[in-house]
1. According to the Kirkwood expression over distinct Cα-Cα pairs, how big is the hydrodynamic radius of the chain, in Å?
2. Tell me, what are the semi-axes, in whole angstrom and largest first, of the equivalent ellipsoid of the stretch 259-384 as set by the roots of 5 times the Cα gyration tensor eigenvalues?
3. What's the Cα-based Rg to Rh of the stretch 1-74, Rh via Kirkwood?
4. For 330, 77, write out the residues from largest to smallest accessible area, computed with a 1.4 angstrom probe and no ligands counted.
5. Along the principal axes of its C-alpha atoms, what lengths does the stretch 33-150 span, in descending order and rounded to whole Å?
6. Which order, highest average first, do 100-106, 270-276 follow once you tally other Cβ atoms within 10 Å for each residue and take the mean per peptide?
7. Give me the 1.4 Å probe accessible area per residue for the stretch 34-115, excluding ligands and nucleic acids, in Å².
8. Distance from the Cα centre of the stretch 262-279 to that of the stretch 13-48, in angstrom?
Amino acid sequence: MQRQVGLVVFPEFFQNEGVDQVLDNIQRRAKPFAIATSPYVMRPSDAANGGREPPIDGGLGTVRLLDRPLWGKRELFVQTSVSYAPNKAHYAGLRYQPPAPDAHTKADGAIIATALGKAKARGLKTYMQVQAAIPPGYRVQFGGPKPEDEPLSFDGSRVGDRLDKNGSLASDEILAYTIALLKDLAEAYPDIDGFHIDWPEYPPYTLDSAFLDFSDSVARAADRLGYDFAAMKRDAAAFHTRINTKLTLAELQAAASGDGMAAWLRDYPGVTAALNLRRKLVLDFVTRLRQAVPGKEMLLRSFPPPWTAISGFDFPAVAPKVDGIAVKLFTMHWPMMVGSWSKRLLRDNPGLGTLAQVAPLVAKLFDVCDAPEKFGAAIAEYPDSDSPHPVDAAAQTRKIVAAAKASAPTPVSAMAHGFGPVADFGARFDAAMKAANGKVWINRYGYLADAKLDLIGR
């Protein structure tokens, strides 16, 4: 097994701990081969003007606390500024424009180039992480699309309970901005080895978000590609009504025990067509990004199977376009997603049962653990910083192995998450290492207390 462990180290830790101190710490303890960071600098703020750090994750992630404090705190509100002076020529005529450099850019922005340069000098590979479809693309909780570029449901409405802020992947303006951003960053930081692209898909955190996207941008793409958009909308509406008002516990049990959601779709060919179109949109988006920066490596971050059947991330089609795929084992999200989907099904389905009955079936449907019958209502929630994640090694392994098989020969790495107690993180990291033959990225340094870094190194 060839060990390749990469760490995501966001700029605020270079600011707080110092560039040399961070690099000394990770190299002495964790022994990574690479780091990824992002093009911004951070400062403390307040609830009225800033975003929570760590990210609030749809209101459920307030239980998350940092292992490594920022400005003396394990949770706080922050603001960010761009770390460099964007080249406006790359964005000429576009709907989305990069943030203008400000006093914080001038005061602190150079730390990113310093960190990248020192990391390279120490023999580390360096990558820039950006969001695929959340302009300005620097940070997950800051930014988002304008109304005309939002992904919409089959009835033309916005989905209000989304965790992510992704725009429509069919939007020409979203794509053009992301291409401009990659070109701009490759110019501003020419020595980076490549890019990590986060969320190049439709994140299915909630049941209603799984029914995106039927925006005008998608309508135009459907017409161009020969899809019957009206039929897709009609079947999506009918299917949504069917599983949200007429679903029985026996049907959910059959889906969880058999061929999953595919059994529900046989009577709704328009939904199958919509999922096929979604895969084409993701593939086209990724292909265009790859073409924009041919001299740089490109690693995509994806949901694990079987969620990718909904997100539109088609491993066999996408893999040849990129240099690698990191499959997220963000296991603190899995019980949250199970709980969210379960509660939504229970809301309008009379007689479906209780959360204690439904949550284990949804857990089995998404293959989050080997003993879903233990996945009761009490743990279908977001785990706090001291609670183990209710998953097991076998389920994580199945997801990585399936993605690797579908993506071959493009390398697949596991993307473990640092959040959680030390022993639980250690077990999840060990599972990721074994499943991915030593190729693991870890998100993120802020959750990696020294004890976790030492564990990674061992």
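1. For the chain, inverting the mean 1/r across all distinct Cα pairs yields 22.5 Å.
2. Over the Cα atoms of the stretch 259-384, the semi-axes work out to 32, 19, 11 Å.
3. Value, to two decimals: 1.02.
4. 77, 330
5. Largest to smallest, the principal-axis extents are 45, 41, 28 Å.
6. The densest-packed peptide leads the list: 270-276, 100-106.
7. For the stretch 34-115, the solvent-accessible area averages 44 Å² per residue.
8. Value for the Cα centre distance between the two parts: 43 Å.
The values are calculated or read from the model by the stated rules, or taken from the named source; none is laboratory data. Everything numeric in this text was worked out from a predicted model, so none of it was measured. In this analysis, Cβ positions are derived from the backbone assuming ideal geometry, glycine residues included, and neighbour counts consider all displayed protein chains. All accessible areas refer to the heavy atoms of the entire protein, side chains included, with ligands and DNA or RNA removed. Shrake-Rupley method; radii C 1.70, N 1.55, O 1.52, S 1.80 Å.
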